[in-house]
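**Student:** Below is the structure I would like to discuss, written out as structure tokens.
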Amino acid sequence: MKLDVAMRTDKGMVREQNEDAVGGDPEAGLMILADGMGGANAGEVASGLAVDMLVSQLLTGQPDSDDRIASQALLDAMQGVNQAILELSQQVPEYQGMGTTLVVGVFHEESLIHAHVGDSRLYRLRSGVFEQLTTDHTLIQEMVNIGDFASIEQALMAGVPTNVLSRAFGSEHEVDVDLSETPIEAGDHYLFCSDGLTGMVTDDEMQSILENQKLDLMQKADELVDFACRMGGMDNISVILVCVMAKNN
Ligand code: CA
């Protein structure tokens, strides 16, 4: 498949620094988005390290039969990122407690492999249906998953905070990565994003921007970021938009 890709990251309206990072290689079908956390510039260090390490390891690693990155290579590289962040945070006092989320996509000819840890998300728009493909690793989502609450709305009403992560890179020696593979179709749109977008912009609003025929893909990415800024821009905002164009010949 041929891909059209637009990436944007912005510090938003309130934060002094941008602790998000985006990267990858559209030619290789690799998309990476990280949302770092930690004092001083530690969040920036963690997210930047995660993106740089994945790019260098995955693009020089052993591709699988259709010349694309294999699931196991992705999982191994993500464990490597976790170790590197953990070690650096133990060696450098200013980096103590730093961490990052990650959501990664690897587009193959017929499918998308995606993996994530934390609350950075992946959505798909297909034939008018806008759907979240990832499940957040947050305290509030885990409480709903195990049945403490029937819905996120009920947990919110009970005062459960939304921004506490249950998994992140840099907190434990092993990180539990969620990985899935899903078929892709021409015309699909995929949106990778940080919580600085989803905290400000509803799913319906995101969908209507993606469906706006007057905008090209870069303009859609710009409009998602600008919309989040107009809604307050309380956090750093990052988006990677991917449109599946058609079969390669
Ligand atoms: Ca964030």
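The values are calculated or read from the model by the stated rules, or taken from the named source; none is laboratory data. Because the structure is a prediction, the values reported are computed rather than measured. Glycine also receives a Cβ, built like all others from the backbone with ideal geometry; neighbour counts cover every protein chain displayed. These accessible areas exclude ligands, DNA and RNA; they are computed on the full protein's heavy atoms, side chains included. Shrake-Rupley method; radii C 1.70, N 1.55, O 1.52, S 1.80 Å.
**Student:** Tell me, which residue of region 117-139 that is open to solvent by less than 10 Å² (accessible area, probe 1.4 Å) and within 16 Å of the ligand (Cβ to nearest atom) is farthest from residue 241 (Cα to Cα)?
**Tutor:** That would be 138.
**Student:** Within region 177-199, take every residue that is of a type outside the set (Val, Ile, Thr) and in a loop (DSSP other than H, G, I, E, B) and give me the one that is nearest to residue 35 (Cα to Cα).
**Tutor:** Residue satisfying both the conditions and the ranking: 194.
**Student:** Also, I was wondering about something else. Looking at region 24-37, which of its residues are more than 11 Å from the ligand (Cβ to nearest atom) and either hydroxyl-bearing (Ser, Thr, Tyr) or over 11 Å from residue 102 (Cα atoms) (or both)?
**Tutor:** 24, 25, 26, 27, 28, 29, 30
**Student:** May I ask you to list the residues in region 156-207 that are over 13 Å from the mean Cα position of the chain (by Cα), polar (S, T, N, Q) and surrounded by 12 or more Cβ atoms within 10 Å (Cβ to Cβ)?
**Tutor:** Correct list: 162, 163, 166, 171, 180, 182, 207.
**Student:** For region 12-116, give me every one of the strands (runs of 3 or more DSSP E) that falls completely inside it and has 3 or more residues that are within 20 Å of residue 172 (Cβ to Cβ).
**Tutor:** In region 12-116, 30-37, 102-107 are the strands (runs of 3 or more DSSP E) which contain 3 or more residues that are within 20 Å of residue 172 (Cβ to Cβ).
**Student:** Given the structure, is residue 244 of a type outside the set (D, E, K, R), open to solvent by less than 30 Å² (accessible area, probe 1.4 Å), in contact (Cβ under 8 Å) with a residue 24 or more places away in the chain and under 25 Å from residue 2 (Cβ atoms)?
**Tutor:** yes
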